[in-house]
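This report refers to the structure that appears directly beneath it.
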């Protein structure tokens, strides 16, 4: 199957529905596995990497759940195609940088993807919409068990699954949820939350994982440790924390509505105004403004049938996605910015202005004027 | 004789250094020797020149070189990349890693999923360890009757392990044999044989 056919559709994790999907965008579980007795990709010679690639790719392709799938060596993908896959979270940035001896395999619904010879011989992930880490783990766990028949994974009696980096040893599992937290950002509580989550051995990161900025108020919450606990214990702990953050976000939004309704409406209104009328916009600005529109949909300011349009814009405005339909060579940043603005204008045309009356405020607008003036300097 | 560094000019400077009782020799041309600061003996380490900067200190610390016997990965490589070379590295560098893993993780022993192939063996080896411990205890406490029965249990277990291993090898041989013979037949047959789907119970 061709990549263009797969990426013509947005993945299930974006278009599908799941529990709490207003705030928890997606849930993902990744397992790292290596073959017994073979050097890890970073240390292996090219011939060794190619041999591992052949073996692993054949095993993955024969899985029953991969009957309808896309499978390609990274050297045969263009830079643009690789970037599209990164923007969809189907491969990592590190994997996209790999050349000969690496490959990617994924199913049509884009719920399962396999990176061959990234940092480890095999990294497989399952991803779905909303908060459903248990289901996602069950999915990838089954795939892993099926692969065991064909592949001999490196396993140590005390240390469990062995990985190139000692931070992944044990379960080799990284479970994560992508959360949209504009309420916590606006009320300046998010740093407090990040710090307390970090203290209990979980990590909060930006949009594209380690070392990336939090754009569009999107945060990834994941487990940091992989040894000493079962997969179920790790996911249980993570679930608990995610539920707490979810509650905090809901509370933060409530408090904003009660105490700073004007600020909130101002931010959403400005975001709508800029996005509807801009002729040049960077992806960072677009994401940050789209975040307010997304919250506006959650709060009932926009009709809920616009939700998918807005969610899709989060992905469609990313640099590689903007260019994927075009047959031209790489666009410059300025051309991309104007193309992005045009795309957003067209999509938001179908969306009516925010309905101020719909906002369920408790306090009268006058009580919030003081806080409005304080924060009016915010970008 | 050519210079060991540029390999193009005639060597005129001959250096001999003894580190930890080992003799190392380097031959250099005049310009390379100046570039490497050979005329300043205090700031010069032969090993640095031969093996790259900083290597001398590594070797000082690890006279044996401390490399993984399977893949040749060194501790210095690990320091540089933060990644290991192969699965055997975990045993080769176990000493240094154990402290690191303790700091990194919540525990030092894996308690999660085990590949199905290893599950039975893992349970049994755990049982064996426990039995051996209780045997020791029984002997120490001079409960010899109990010790004898534990010893018998251990023997049966060990025999089971051996039998199962042999069985496993036999199965592998048989399947590869069957695959070899059946491969061409199976590919033809698979087209005709449609497996009936199981019907749902009303």
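Values quoted throughout were computed directly from the atomic coordinates according to the rules given, and no laboratory measurement underlies them. In this text the structure is predicted, and so the values were computed from the model without any measurement. Glycine also receives a Cβ, built like all others from the backbone with ideal geometry; neighbour counts cover every protein chain displayed.
Using a simple spin-label model with points 7 Å from Cα along the Cα→Cβ vector, what separation in nm is obtained for residue A:149 and residue A:346?
So the label points at residue A:149 and residue A:346 sit 4.7 nm apart.
To test your reading of the geometry: what angle, between 0 and 90 degrees and rounded to tens, separates the Cα axis of helix A:261-277 from the longest principal axis of chain A?
For A:261-277 against chain A, the angle is about 70 degrees.
At a Förster radius of 56 Å, what calculated FRET efficiency corresponds to the Cβ-Cβ distance of residue A:353 and residue A:196, to the nearest 0.05?
Values: r = 39 Å, r/R0 = 0.69.
After rounding, the FRET efficiency stands at 0.90.
Sorting A:116, A:281 on the 10 Å Cβ count, fewest up front, what's the list?
If I rank by nearby Cβ atoms, fewest first, I get A:281, A:116.
With springs connecting C-alpha atoms under 10 Å apart, model chain A as a Gaussian network and identify which of A:292, A:243, A:40 has the largest mean-square fluctuation.
A:243
How far is helix A:307-316 tilted off the main Cα axis of chain A, in degrees rounded to 10, range 0 to 90?
60 degrees
For segment A:55-176, just say rounded, prolate or oblate: build the C-alpha gyration tensor, square-root its eigenvalues into a ≥ b ≥ c, call rounded for a/c under 1.5, and beyond that prolate if a/b exceeds b/c, oblate if not.
On the way: a/c = 1.39, a/b = 1.24, b/c = 1.13.
It is rounded, given that a/c, with a ≥ b ≥ c, falls under 1.5.
Looking at chain A as a GNM with Cα springs under 10 Å, which of A:173, A:351, A:295 has the largest mean-square fluctuation?
Most flexible of the set in this elastic network: A:351.
Cut-off 10 angstrom, C-alpha nodes, Gaussian network model of chain A. Which of A:113, A:280, A:145 fluctuates the most?
In this elastic network of chain A, the residue with the biggest mean-square fluctuation among A:113, A:280, A:145 is A:145.
For chain A, what's the relative contact order in percent, using C-alpha pairs closer than 8 Å and at least 6 residues apart? Write down the numbers at each step before the final one.
Working: 640 pairs, mean separation 66.1, N = 379.
So the answer I get is 17 percent.
Can you give me the angle between helix A:190-199 and the longest principal axis of chain A, using Cα atoms only, in degrees from 0 to 90, rounded to the nearest 10?
Orientation of helix A:190-199: about 30 degrees from the principal axis.
Would you list A:7, A:274 from fewest to most Cβ contacts within 10 Å? Mind showing how you got there, number by number?
Values: A:7 21, A:274 16.
The most exposed by this proxy come first: A:274, A:7.
Just how far, in whole angstrom, is segment A:134-179 from segment A:188-209 if you go by their alpha carbon centroids?
24 Å
Please give the average number of partner chain Cβ atoms lying within 10 Å of the Cβ of each residue in A:33-39, rounded to a whole number.
Values: counts 1, 2, 2, 3, 5, 3, 11.
Across A:33-39, the average partner-chain Cβ count within 10 Å equals 4.
Cut-off is 10 Å between beta-carbons; in what order do B:79, A:347 appear when sorted fewest neighbours first? Could the numbers behind the result be given before it?
Numbers: B:79 11, A:347 18.
Lowest to highest Cβ neighbour count: B:79, A:347.
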